[in-house]
Each structure stands twice: as structure tokens, then as C-alpha cells.
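**Student:** Following this message is one structure expressed as C-alpha cells.
Just so it is clear, none of the values below were taken in a lab; they were calculated from the coordinates. What you are looking at is a predicted structure, and each value in this text was computed from that prediction instead of being measured. FYI the Cβ positions are ideal-geometry reconstructions off the backbone, even for glycines, and counts take in every protein chain you see.
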């Protein structure tokens with residue numbers, strides 16, 4: 001006969017996962033996930049789990065939804081990337097066709113896919129047609145392009161008459177048809193890209209994140225829009241180091257204490273953001289008259305070896321990584337400060353203007369007058385005064 005179980009009226013089921021943080025356990029020794037979840041209550045009752053060396057506890061954070069500007073820019077930036085890629089494919093095909101039809105064109109017009117070059121190639125698809133054209137028609141097609149003078153037009157006709165391009169009529173007909181279609185497709189793609197960029201510029205100018213990013217030297221609307229779309233919400237990154245890792249510009253240092261001392265960039269991060277930040281740093285360096293460029297020049301002389309043969313410094317990529325890391329830290333600090341400011345503004349009240357990057361403040365920081373963005377309370381110091389003894 002089974003023994004009847006005693007009922008305990010003080011016990012009741014409490015839902016854990018709805019209101020508590022969830023921890024995932026991973027068994028290091030077996031390299032596999034441990035079945036089940038561990039709640040915060042269970043960890044508090046059994047604190048020895050957290051100190052167990054064979055079990056890693058990682059807090060699962062809730063993903064913060066993107067801001068309004070990030071949600072709008074995400075689709076536009078992705079669509080622009082696809083159109084630019086297709087446009088590049090059309091340009092490559094048109095360049096290959098130019099090498100077959102009229103290879104001497106690049107002697108006069110360096111870019112065979114420029115607006116003037118495409119207009120000439122569409123109006124006169126073969127070198128023979130260009131050689132027999134009148135100078136007046138060529139001048140009308142040229143328009144206001146000052147780089148293409150009358151002497152260059154005459155030189156272009158002379159090269160067309162002596163061209164070594166394709167002579168086979170059957171092959172020539174197919175190339176001309178393909179070239180005409182590609183030129184129309186390229187123009188349509190450029191028109192769509194211009195429309196997208198116009199909309200992107202409008203959103204970036206109106207967004208608070210866009211105003212902060214545009215205040216950095218070398219940052220244009222497309223760069224700022226790409227960063228905003230990639231971040232989504234700055235609250236998803238608990239620290240500036242997490243944002244640098246996501247951008248692919250976090251350093252990894254390997255040291256053994258005696259023989260090994262190397263550092264390299266992390267292999268993680270998104271490839272697009274790594275490229276965007278690399279191009280942004282190069283643009284900042286070209287501008288020269290800013291603190292980031294001066295930091296780059298100072299670190300190149302201090303950290304990069306000098307090659308006597310080429311009379312130049314080598315290993316500048318590491319310095320670019322250092323500058324990119326500091327720029328990401330500054331971006332994180334300004335975006336996080338603005339996000340915290342917006343979270344404290346009551347609903348319906350107009351928020352104050354965002355704090356932008358100020359070159360003068362950056363210069364004062366470099367001169368030793370550093371002032372953090374967050375005001376830290378003064379330390380609790382007890383001052384003891386020595387009272388003079390009465391005589």
C-alpha cells in the first residue's frame with residue numbers, strides 16, 4: 001500500500017522566468033550546454049554555483065529596440081549597399097566593354113564611366129562613329145565639362161580613327177547592344193542611389209545621433225547613417241569596449257611575461273563597420289588640422305619604425321587602430337550621455353540640444369585640462385583642524 005504524501009499548504013508555484021534574470025550554464029569540461037535554466041532565486045539559495053570553476057554563468061541581457069532614426073536608416077542603408085554593389089558591377093562590365101570596343105578612350109578621359117564618357121559612348125557606340133562625328137556635336141555632348149577641351153576632342157577623334165578595337169561586325173553588334181543597355185541600367189541605379197542618399201541626409205540631420213556624429217571631423221551623412229543603423233540603440237552596449245569589439249577595433253594583447261608580447265585587432269566585429277571606421281580615420285588624417293590627425297602623427301613617430309631605404313615609417317595600421325579606438329570611445333561617451341539625458345526627460349517636454357564633439361574641448365583635454373562628461377561626487381574626506389590650546 002502506497003504511503004500517502006503530506007500536503008504542505010505553504011508551498012506554491014512561483015513563475016521565475018517572467019520577472020527574473022535568466023542565466024545560461026555551460027560545462028567547460030564537456031564543451032556542451034547544461035540542460036535547463038538557472039534562475040536568480042536558485043543562485044541566491046545556492047551561492048556555491050557562482051564559484052564553481054567548471055560552470056560559467058553569463059547573464060542574458062534583453063535587447064533594447066533601436067531608436068526611431070536607426071529603424072529608418074537600417075533598411076535604407078542596406079538598400080543603398082545593394083544598389084552600390086550592383087552599380088559597381090555595371091561599371092566593371094562597361095570598363096571591360098570599353099577595352100574591347102575603344103581601348104584608346106582612357107588616354108583622353110581617365111574614367112570610362114564618367115558622365116561625359118558615358119554620353120559619348122551612348123551617342124557614338126563605335127570608334128568609327130566617333131571619328132566621323134562633327135566637332136559641334138561633340139561640343140554639345142561635352143556640355144560644361146572643362147576638363148575636355150576642343151584639342152582633346154580632336155585628339156579623341158584621331159585615336160578613334162586609329163583604334164585597334166573589335167573589327168568583327170557580328171561581335172561588334174552584340175557589344176554595342178550590351179553597352180547601351182548597361183549605360184541605361186547604370187543611370188537608373190545612380191538615380192535611385194541619389195534619391196536614397198537625399199532621404200538619408202534628411203534623417204541624419206534631424207536625428208540627435210546624427211547631429212552628434214556629424215560634429216566629428218571627417219564624418220559625412222553616409223558614415224553617420226551607417227553607424228546609427230549598426231548600433232541601433234547605444235543601451236545594447238554596456239561599455240565602450242563592447243562597442244569597439246562590435247566595430248572590430250578592439251585590441252587583443254598576448255603576453256607571456258618574458259618572450260611573448262604582441263597585440264593585434266580582434267577577429268570579431270562586423271566587416272562593414274570595420275571598413276567604415278577605417279575610411280573615417282583616413283579622412284580625418286587627410287584633414288590634418290584636428291586633434292585626431294595630430295595624435296596620429298605623434299604616435300607614428302613614437303611607435304612606428306623608420307625605414308631608411310624608403311624614408312618612411314612602417315606599421316602605420318596599428319596607429320590607425322589606436323586612433324579608431326579612441327574615436328569609438330568618444331562616440332560611445334557622447335551617445336550614451338545623450339541617451340541617458342533623454343531617459344530622464346519627462347514625457348511631452350522638449351529635450352535640450354545634444355552635446356556635440358567640440359574640438360576646443362578636445363584640445364584642452366590634450367593640454368591637461370581634462371573634465372569628464374559625468375560629474376563625480378567629491379570624496380568623503382574628513383578634515384581635522386588643529387585648535388590652538390588656550391593660554
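**Student:** How would 281, 84, 253 line up from fewest to most surrounding beta-carbon atoms within 10 angstrom?
**Tutor:** Least crowded to most crowded, the residues run 253, 84, 281.
**Student:** A further question on this structure: With labels modelled as points extended 7 Å from the Cα through the Cβ direction, what inter-label distance (nm, one decimal) is found for residue 343 paired with residue 71?
**Tutor:** 1.9 nm
**Student:** Now a separate question. What order do you get for 267, 322, 90 when you list them from fewest to most C-beta neighbours inside 10 Å?
**Tutor:** Listing 267, 322, 90 from fewest to most nearby Cβ atoms yields 267, 322, 90.
**Student:** Full-extension gain between residue 116 and residue 192, please, as 0.36 nm times their residue separation minus the C-alpha to C-alpha distance.
**Tutor:** Separation in residues times 0.36 nm, less the Cα-Cα distance, equals 25.4 nm.
**Student:** Just grab the label-to-label distance for residue 253 and residue 233, each label 7 Å out from Cα along the Cβ direction, in nm (one decimal).
**Tutor:** 3.4 nm
**Student:** If you don't mind, there's one more thing I want to ask. Taking 0.36 nm per intervening residue step and subtracting the Cα-Cα distance, what contour gain separates residue 146 from residue 178 on full extension?
**Tutor:** Additional length available on full extension: 8.6 nm.
**Student:** Further, regarding this structure: Tell me the label-point distance for the pair residue 310, residue 137, using the 7 Å Cα-to-Cβ offset, in nm and rounded to one decimal.
**Tutor:** 5.0 nm
**Student:** Along each of its three principal axes, how wide is the spread of alpha-carbon positions in the stretch 68-206, in whole angstrom units, largest first?
**Tutor:** Projected onto its principal axes, the Cα set of the stretch 68-206 covers 59, 34, 20 Å.
**Student:** By how many nm would the segment from residue 155 to residue 317 lengthen if fully extended, with 0.36 nm per residue of separation less the alpha-carbon distance?
**Tutor:** My answer for the length gained is 54.0 nm.
**Student:** Against the globular-protein guess of 2.2 N^0.38 Å, express the Cα radius of gyration of the stretch 304-370 as a ratio, rounded to two decimals.
**Tutor:** Compared with the compact-globule rule of thumb, the stretch 304-370 sits at 1.75.
**Student:** For the peptides 241-249, 299-307, 354-362, what is the packing order when you average, over each peptide's residues, the other Cβ atoms within 10 Å and list the highest mean first?
**Tutor:** Descending packing order for the listed peptides: 241-249, 354-362, 299-307.
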